[in-house]
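Right, one structure below, let's go through it.
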Amino acid sequence: MWRTTRDRTRLSFGITTPRQAWALPDDPEHRYGWTAVAMGTQWGTQKTAYATYRVWPRVATPYWADSDAAWDEVVDAGLLTPAQAEQMRGAGTGYMGWRVGVSDGGKWMFDIAGD
């Protein structure tokens with residue numbers, strides 16, 4: 001909670017405070033577990049006009065968005081079922097599961113799921 005407050009980490013696309021996100025027991029979305037699983041996958045690099053980030057899992061980055069291997073990683077890790085991965089790929093939305101982003105400077109920028 002301290003780190004996400006300090007870094008002003010984006011925790012959802014709505015309004016979620018660090019206290020709400022990291023409350024115990026784990027929230028109904030299982031943020032703790034999914035964050036740990038996501039960070040256990042390979043990371044990719046995403047560059048914006050403002051910063052360069054390491055993003056877990058790598059399939060959430062533009063470079064890896066069309067990679068069969070990167071999609072297989074999230075299925076193998078349990079972040080998505082094969083049907084969910086197929087649906088996301090078919091819809092053209094890219095990966096919308098749990099993802100974590102850390103700036104090159106070490107700032108925890110986001111821990112989100114969804115679009």
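The values are calculated or read from the model by the stated rules, or taken from the named source; none is laboratory data. Predicted model only: the values in this text are computed from it and were never measured. Note: ideal-geometry Cβ built from the backbone for every residue, glycine included; neighbour counts use all protein chains shown. What goes into the accessible areas is simple: the full protein's heavy atoms, side chains included, and nothing from ligands, DNA or RNA. Shrake-Rupley method; radii C 1.70, N 1.55, O 1.52, S 1.80 Å.
Report whether or not GLY94 is modelled with pLDDT under 95 and either under 22 Å from SER12 (Cα atoms) or open to solvent by 30 Å² or more (accessible area, probe 1.4 Å) (or both). Considered against the rule, which asks whether it is modelled with pLDDT under 95 and either under 22 Å from SER12 (Cα atoms) or open to solvent by 30 Å² or more (accessible area, probe 1.4 Å) (or both), GLY94 comes out as yes. Checked against the criterion of being on the phi < 0 side of the Ramachandran plot and without any contact (Cβ under 8 Å) to a residue 12 or more places away in the chain, the candidates ASP7, ASP68 yield just one match: ASP68.
If you go through the stretch 79-109 and keep only what is farther than 15 Å from THR48 by Cβ, without any contact (Cβ under 8 Å) to a residue 60 or more places away in the chain and aliphatic (A, V, I, L, M), you end up with LEU79, LEU80, ALA83, ALA85, MET88, ALA91, MET96.
A count restricted to the stretch 10-50 and to residues that are part of a loop (DSSP other than H, G, I, E, B), crowded, with 16+ Cβ neighbours inside 10 Å and either among the aliphatic types (A, V, I, L, M) or under 12 Å from the mean Cα position of the chain (by Cα) (or both) stands at 4.
Considering the stretch 61-78, the residues that are of a type in the set (A, V, I, L, M) and closer than 23 Å to THR48 by Cβ include one that is surrounded by the most Cβ atoms within 10 Å (Cβ to Cβ), namely VAL74.
Contact annotation: residue pairs with Cβ atoms under 7 Å, 6 or more positions apart or on different chains, pairing a residue in the stretch 33-46 that is in contact (Cβ under 8 Å) with a residue 40 or more places away in the chain and within 11 Å of LEU79 (Cβ to Cβ) with a partner that is in a helix (DSSP H, G or I) and hydrophobic (A, V, I, L, M, F, W, C), are VAL37/ALA77. If the condition is being in a loop (DSSP other than H, G, I, E, B) and not small (Gly, Ala, Ser), then the stretch 81-104 contributes THR81, THR93, TYR95, MET96, TRP98, ASP104.
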